[in-house]
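The values are calculated or read from the model by the stated rules, or taken from the named source; none is laboratory data. These numbers were taken from a predicted model, which means no experiment stands behind them. Here the Cβ positions follow ideal geometry from the backbone for every residue, glycine too, while neighbour counts run over all protein chains shown. Calculation scope for accessible area: heavy atoms of the full protein, side chains included, ligands and nucleic acids excluded. Shrake-Rupley method; radii C 1.70, N 1.55, O 1.52, S 1.80 Å.
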Amino acid sequence: MHGDPAAAGPRGGEEGSRRSGGGAGGRGCSSRHDLRVAPRLDPSDVPRYGWRTFMPRHISRYVQTTAGGERTRHFTARQPPGILKLDSGDPYFPTPRHIREAAQDALDAGLTRYAPGQGDPEFLAAVCETVEREAGAHYSPDDVVATNGATSAIYAVFTAFLDPGDEVIVLDPTFSLYALVARQLGAVPVAVPHGGDYHIDVEAVRAAVTPRTRLIMVNNPNNPTGVVYRRDELQALANLCAERDLLLVADEAYEKILQPGCVHVPLLSLHEYRDRLILIHTFSKTYAMTGWRLGYVVAPSDLAGLLFGVHRAIAGPITTFVQRAGAAALRGSQDCVAEMRDEYGRRGGLMHRLALDVPGLRPVEPQGGFYLYCRYDLALSASEVRQRLWDAGVAVRSGTEFGAAGKGHLRFSYSVDEPTIEKGMAIMAEVFRHLSRTLALLLPLVLLAGCGGEEAPKKPAVSANLCVYLPNGMTLGPYDTQKECATARENMPRGECKPCQK
Ligand SMILES: Cc1ncc(COP(=O)(O)O)c(C=O)c1O
């Protein structure tokens, strides 16, 4: 047993490192770097209270459990040159000129020192004006915190309001960062599948609330489904939050990227629930500013104050010339946003039409964001299909990266140019044709193998006429005997044997 880590304090670590440094070569230096040579020492000389001792019991164990997820693997995989990037979350467009110029002007004016902690006054004022204009809600600069994109905003919100063991409800599928951050903090993401139409199943959310639930996280428009939630479903969630004293947090990263005729309902327009609403926003997608790392949180000032306290520790103040660029984006002409939206509209329409022609692919009609979410009819996991497409030169994201409900789904991005969409979808059609043929040929072999190599049973005179219905919507069969059907189902454990409905 080791002593109380808190009691050891930094001094314990320092003493240890001094000893390590001496033992490793007599450099006699007490810097932290000396710890790196600890493995070469006699084990009895390893510092009793060094980081190696703490690590297994420290918060970093949560980090370890999230370090190798599908999202992380996707980002660390080296993409071969020439791969068609239908996996991208990066807008195709450059940052509009007037926004770049505002940053340049701020640089020229020497705005290169620490910004005020919660945000540059110009920036905070621009955010308040925007919220007033778009959600009809009055907020003051005290209610706003400038952040490093939505990413650090999500981290700040979860850190401020979730203790280890607390639960956060996330809709499934959704942007995977929410679950990842919750797990890193030792909190529990509770995934609630959407309804069949990919909208919010409010009753399922209600059933998932427990005494440990602290907040409900919504991403509207949703990444990856591209669905934009209606006012009634948001209102129902807000009602539930009021009943159970929860916070309702919305990440509206894609609110301005809408397909023709689609309307986005801002969270902050649910005025009567103001006390429990937190908006997370980013400039990354709307203004093609992914690399600038700028976003903000809006919340009632008592919550915003807490968020500022946390965010300051995560990231410090946000670069002033970047905030000036953000203020120019919000206050300047929104024509650039409309142009990008129209272009995404065309590309989304093109990708949707091409996807309808891919055998075995059933695209969800996109409403917002720049992703096409597709269900597929193949008896392969989403990550296997993703890998086959990768091998054929098209990078896409598997639905399961966004939650268990993403089984049998893929996400394609149309934030790329039209030739890339056309080439990518043509390759996809080929891969799907090939996979359907191969799997159809293999199926009898799989079934035979399932019979343990015995001679196939003789067909009875009367057909049982059963099918295996798979959760991804695919149907196997019909089979002539119950045994055949049961064997097929054994190979597809999540399938159900039911009378053929063909
Ligand atoms: C829904 C959603 N929220 C937040 C982010 C991250 O945004 P940022 O670049 O501002 O950190 C993304 C990025 O893909 C996203 O899809």
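Here are the numbers for this structure:
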| quantity | calculated |
| --- | --- |
| Most to least accessible of Lys285, Lys423, Lys407 (protein chains only, probe 1.4 Å) | Lys423, Lys407, Lys285 |
| Extension gain, Val263 back to Arg230 (0.36 nm per residue minus Cα-Cα distance, nm) | 11.0 nm |
| Distance from segment 334-397 to segment 253-287 (C-alpha centre basis), Å | 23 Å |
| Protection proxy ranking of 217-226, 345-354 - average other beta-carbon atoms within 10 Å, highest first | 217-226, 345-354 |
| 3J(HN,Hα) from dihedral phi, segment 377-391, Karplus parametrisation 6.51/-1.76/1.60, rounded to Hz, x for glycine, proline | 10, 9, 7, 9, 6, 4, 6, 5, 5, 4, 5, 4, 5, 4, 4 |
| Accessible surface, segment 97-333, averaged per residue in Å² (probe 1.4 Å) | 37 Å² |
| Cα gyration tensor, segment 233-309 - rounded (a/c under 1.5), prolate or oblate | oblate |
| Anisotropy class of segment 257-374 from Cα gyration tensor, a/c 1.5 cut | prolate |
| Segment Ala338-Glu203, length gained on full extension (0.36 nm per residue, minus Cα span) | 45.0 nm |
